[in-house]
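These notes concern the structure reproduced below.
The values are calculated or read from the model by the stated rules, or taken from the named source; none is laboratory data. The shown structure was predicted, so the numbers you read here are calculated from the model rather than taken from an experiment. Neighbour counts are summed over all protein chains in view; Cβ atoms, including those assigned to glycine, are modelled from backbone coordinates with ideal geometry.
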Amino acid sequence: MKRDADKTQRPTRRQRLLLVAFGLVVALLLLLAVEGILRLAGVARPDPFFLKGPQVEGHGTLRYTSREWARRFFFQKVDGRLLPVGSSVPQFFFAPKPERALRVAIVGESTVQGFPHPENLSISKYVEEMLRDVAPDREVQVFNFGFTAVASYPVSRIVEEILEPTQCDAIVLLVGHNEFFGAYGVASSQYAGDRRSLLALHEWYNSLRFVSVLREGFGRIAASDADSGDAGAPGGLIRYMAAEDAIAPDDPRRARAAALLESNVRWALRAARRHGVPMLVSTMPSNISGLAPVGRSTSADPATDAAFATALGLGEDAERLAALEALAARDPLHALLWFRLGEAREQAGDPDAARVAYERALDLDGMPWRTPTAGNDALRRAARAEGALLIDSVALFQQHTDKAAPGWDFFDDHVHPSVRGRALYARGIVGALLPVLGLEARADALRDDAEYQRRLGGDNLLSIRFAFGRARSIFQGPPMRANNDRVYERFTQLMADMDAQMTPEEALAWKTYQELITANMPYPPLGLMAGTMQMHEGKLGPAIYQLGIARHARPIFSMPFVQAAWTEGHCRRIAGIPLGERLERDLDWALIALDVLPQIDTGPEYQLHKARGQIFWVQERFDDALAALGRALATATTDDERVETQGAIDAIRQQIALVDQSTRLNIE
């Protein structure tokens, strides 16, 4: 009897399903309600790609990139915090586009962003300088939309975001190195799926307000008891982005990575075509003769490693080459074996066979941090399918290398080009752009590489020392150092040689930079630090050179740019050298920046007044300079600031008196 009663009270399967469905609906409604409340309250609002700045008379509305937009693609926590958002260089422009403006965007990953070099040596800076020579009557602006550690889906989304606001005349796409381990890569710790539809769904989910709130809350709780680790360092970021240390040659993710790259590039090309913007696609060269495979070799024959070690120990070059050839024929899936075979073939004077071996090693690398052949083939297919112009940078680098295949002659690590490589990249891009922009008839206005290196600092000891230090950090530990101990030693020796060549001012600037980095504090451009010190020592020529480089190292709408401009102006006035058209223009831009900066960033009022006074002084607008420095004196907060400002005021008054005396003598 009791058993029968229990049976009647137990819910049926249909009732259980309805109950689960009801619970899910209620939970969904609650989440929607929370999302709605957060939206109404303006909490956790995701940044758009471009933020809106103030209206500037005669120029339009200032727009600038958000540093937070890319957070949606980074979602895994390491040591209690979210993996660092891919770094980028802030970009500024006015809308609507000025009539005489010529705008080009270069979009991609860290190769575009500029790592490991300072901002003045990014590929976009080289392209900008070249286009200014070709089109001196236009206001040339080349955008650097490069984000570190992202795969092709985030890059394609950047293209969609920039098309309408920037009104570019052309876009260049450089993408492909991060398809495995970058954010949204197929073997990444930030993996989000193998189809574009799944990636779009994941991005949408990450942009929800309640997701952002929960992530931030849990992140703070976890971070209170956890060390932040070294995920922010270049080597740490590389290590944490990879979900594993070996992808086998027959792993299906290799084909999926190429397919996803092709799909995302085609998506970006179609978006550009809808907006009537020409888009060019570049293949992605790598350091393949200087860098051994990074990942573990997933050899088909376990006995290969022992025989491989024996072969490398053979003293005679010919004997070692023959042993390696035999091993490669017996076990053709051993990545490191192919690389050493490439070295042996190159040493034996057979560059063509060596290149084949190097390319084979690249394609078998268990941790593909470099674009494999399949990836570059995908880029070529995408361009061909969408009727886009292809820049074959792989062929360009191969054509110009003096080795069997590109290596340390063009690269500073596994994929990031050296200053020589950046100039070559830029020439390939500009050569393809000129017909698109209707400027091919002016190609003879281009200067040689030495001129662009001089303008941008590619021949500057501090710039290169900065790059080598960051590049070496990648090889301090696994995975990059696994088969590349010689690389770390190479950089260590190069850096020691450069340290020995530094002038006292350069050495002090470098020491100051290291102290700021250690203290996790923002640092000005090295050229600004060194140039200011050289000016104080009376070394005006070197100071002008360093400060000219520093003006390229930060965006116009930043205090370091403003400071570099007026400091160089003072150097030139002291030396009796004309300011020059470009510096005069930059001083005018610096004044506009000082009007804009309080509306887009926070900073001490004293610094703004002081900088404005210094610029007016350089421009010999003495009354305006005294008024601005008077305001600086009134807002100074330390004795040093007051002494420095009063000294400037006294110097201007003395200069006015000298000018008045000279004028009276001329009249008499």
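Of all residues in segment 264-298, those satisfying the criterion of being polar (S, T, N, Q) and surrounded by 20 or more Cβ atoms within 10 Å (Cβ to Cβ) are ASN264, SER282, THR283, SER286, ASN287, SER289, SER297.
With the structure loaded, tell me whether ALA423 is of a type in the set (A, V, I, L, M), in contact with an Asp or Glu (Cβ under 9 Å, 6 or more places away or on another chain) and under 14 Å from ARG370 (Cβ atoms) or whether it fails that test. Write out each step before concluding.
Numbers: of a type in the set (A, V, I, L, M): yes; in contact with an Asp or Glu (Cβ under 9 Å, 6 or more places away or on another chain): yes; under 14 Å from ARG370 (Cβ atoms): no.
Criteria not met by ALA423.
This table checks each residue for (1) basic (Lys, Arg); (2) part of a loop (DSSP other than H, G, I, E, B); (3) at pLDDT 95 or above.
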position	(1), (2), (3)
ASP444	no, no, yes
ARG447	yes, yes, yes
GLU451	no, no, yes
ASP459	no, yes, no
PHE466	no, no, no
ARG472	yes, no, no
PRO478	no, yes, no
ALA482	no, yes, no
VAL487	no, no, no
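For segment 391-402, the set of residues classified as buried (at least 16 other Cβ atoms within 10 Å of the Cβ) and either in contact with a strand residue (DSSP E or B) (Cβ under 7 Å, 6 or more places away or on another chain) or among the polar types (S, T, N, Q) (or both) consists of ILE391, SER393, GLN398, THR401, listed by residue number. Candidates in segment 108-121 are the residues that are in a loop (DSSP other than H, G, I, E, B) and in contact with a Phe, Trp or Tyr (Cβ under 9 Å, 6 or more places away or on another chain); of these, the one that is nearest to CYS168 (Cα to Cα) is GLU109. Scanning segment 129-144 for residues that are crowded, with 24+ Cβ neighbours inside 10 Å and part of a helix (DSSP H, G or I) yields MET130, LEU131.
Kindly check whether there is at least one residue in segment 166-175 that is closer than 17 Å to TYR425 by Cβ, in a loop (DSSP other than H, G, I, E, B) and assigned by TED's automatic domain parsing to the domain that holds LEU102.
The initial filter retains those residues of segment 166-175 that are closer than 17 Å to TYR425 by Cβ, namely 170-175.
Filter again for in a loop (DSSP other than H, G, I, E, B), leaving 175.
Pick out the ones that are also assigned by TED's automatic domain parsing to the domain that holds LEU102 and you get 175.
Checked segment 166-175: at least one residue is closer than 17 Å to TYR425 by Cβ, in a loop (DSSP other than H, G, I, E, B) and assigned by TED's automatic domain parsing to the domain that holds LEU102.
Restricting the first member to segment 424-442 and to residues that are part of a loop (DSSP other than H, G, I, E, B), and the second to residues that are buried (at least 18 other Cβ atoms within 10 Å of the Cβ), the beta-carbon pairs closer than 7 Å and six or more apart or on different chains are LEU439/VAL134; LEU439/ALA135. Residue under question is LEU446, and the condition is that it be buried (at least 17 other Cβ atoms within 10 Å of the Cβ) and in contact with a strand residue (DSSP E or B) (Cβ under 7 Å, 6 or more places away or on another chain); does it hold? The answer is no for LEU446. For beta carbons closer than 8 Å, sequence separation of 6+ or different chains, a first residue in segment 446-460 that is outside the structural domain of GLU128 (by TED's automatic domain parsing) and a second that is in a loop (DSSP other than H, G, I, E, B) and surrounded by 23 or more Cβ atoms within 10 Å (Cβ to Cβ), there are no qualifying pairs.
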